[in-house]
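Written out below as structure tokens is the structure these notes cover.
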Amino acid sequence: MSSANRILPGVQCFAWNSNGSLVAVCPTNNEIWIFETAGSPDISKWTKVSTLKEHFNVISALDWHPETNLLLSASTDRGVIVWEMGADGNFNPQLGMIKETKANLDACWNSRGDKFCVGASSGSIYVGTYSKANNFWIAHPVTKKPAHKSSVVCVKFDISSRVMASASLDGTC
């Protein structure tokens with residue numbers, strides 16, 4: 001693979017929009033790079049259209065919902081941000097409130113795009129919803145004590161959005 005077909009220094013995570021015309025890529029830093037792909041699998045033909053810089057530390061997870069077109073990012077800075085693309089093509093951050101004391105490692109939308117889940121290095125799992133009255137997203141822990149004894153590295157909703165699964169470095173799901 002040629003260096004023209006690489007994103008340096010590396011890629012931490014990425015997410016495609018619903019039709020593959022855009023991809024969000026996180027190099028190993030606190031930025032999200034948005035590329036127009038022009039339908040090409042060749043990275044050298046992609047055009048960077050935006051750089052999102054609201055996180056303070058490495059971004060650990062991205063998920064782009066196919067219907068709402070909302071981009072979810074989670075970071076080791078303990079933050080979550082929901083990005084909404086405006087009519088002008090710019091991405092606007094929506095505040096996400098989460099009371100995590102350690103790094104957020106994974107995040108995922110449910111099938112409807114009205115909830116997200118977050119897995120953290122504290123062993124906790126959170127479910128986030130939008131508060132229309134307050135105009136921000138808020139994530140609450142699913143249990144009072146951490147669900148796992150070690151870092152949660154993967155979280156997913158089932159297709160019905162009623163059940164959530166988590167996987168941890170403690171060997172449990």
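The values are calculated or read from the model by the stated rules, or taken from the named source; none is laboratory data. Just so it is clear, the structure is predicted and the values come from calculations on it, not from any experiment. Cβ placement follows ideal geometry from the backbone for every residue including glycine, while neighbour counts extend to all protein chains displayed. Protein only, heavy atoms only, side chains kept; ligands, DNA and RNA dropped before computing areas. Shrake-Rupley method; radii C 1.70, N 1.55, O 1.52, S 1.80 Å.
GNM on the chain, alpha-carbon springs under 10 angstrom: the most fluctuating residue among Ala38, Ala139, Ala103 is Ala38. Amide H contacts of Asp106 (H built 1.01 Å from N, in plane; Pro and chain starts excluded): Gly119 sit under 5 Å, all sequence-distant by 5 or more or on other chains. Taking amide H atoms as placed 1.01 Å from N in the peptide plane, the amide H of Glu31 lies under 5 Å from those of Ile59, each 5 or more residues away in sequence or on another chain.
Give me the net charge for the shell around Val23: Cβ to Cβ below 13 angstrom, other residues only, Lys and Arg +1, Asp and Glu -1.
So the surrounding residues net to -1.
For Asp170, the solvent-accessible surface with a 1.4 Å probe is about 50 Å², rounded to the nearest 10.
Considering all different alpha carbon pairs of the chain, the Kirkwood hydrodynamic radius works out to 16.5 Å. Tally Lys and Arg at +1 and Asp and Glu at -1 over the other residues with C-beta under 14 Å from the C-beta of Leu169: what net charge comes out? Around Leu169, the surrounding residues sum to 0. Derived scalar couplings between HN and Hα for region 143-157 equal 9, 5, 9, x, 6, 10, 8, 9, 4, 8, 9, 8, 9, 8, 8 Hz in order, rounded to whole Hz, by the Karplus curve 6.51 cos²θ - 1.76 cosθ + 1.60 (θ = phi - 60°), x for Gly and Pro.
Comparing mean-square fluctuations of Phe136, Phe14, Phe116 from a GNM of the chain with C-alpha springs under 10 Å, the top value falls on Phe136. In order along region 160-173, the phi-based Karplus estimate (6.51 cos²θ - 1.76 cosθ + 1.60, θ = phi - 60°) of 3J(HN,Hα) comes to 7, 6, 9, 10, 10, 10, 9, 10, 10, 5, 7, x, 10, 10 Hz; Gly and Pro are listed as x.
Measuring only protein heavy atoms, the 1.4 Å probe finds Cys154 accessible over about 50 Å².
3J(HN,Hα) couplings calculated from phi for region 28-43 with the Karplus curve 6.51 cos²θ - 1.76 cosθ + 1.60 (θ = phi - 60°) are, in sequence order, 6, 8, 9, 10, 10, 9, 9, 10, 8, 8, 6, x, 9, x, 7, 4 Hz; Gly and Pro show x. Per residue, the accessible area of region 32-163 comes to 52 Å² when a 1.4 Å probe rolls over the protein heavy atoms.
If the cut-off is 27 Å between C-alpha atoms, which lysines fall inside it for Lys144, apart from same-chain ones fewer than 8 positions away? Candidates past the 8-residue exclusion: Lys99, Lys102, Lys115, Lys132, Lys156.
Nonpolar atom fraction for region 47-173, defined as the carbon and sulfur part of the 1.4 Å probe accessible area, stands at 53 percent.
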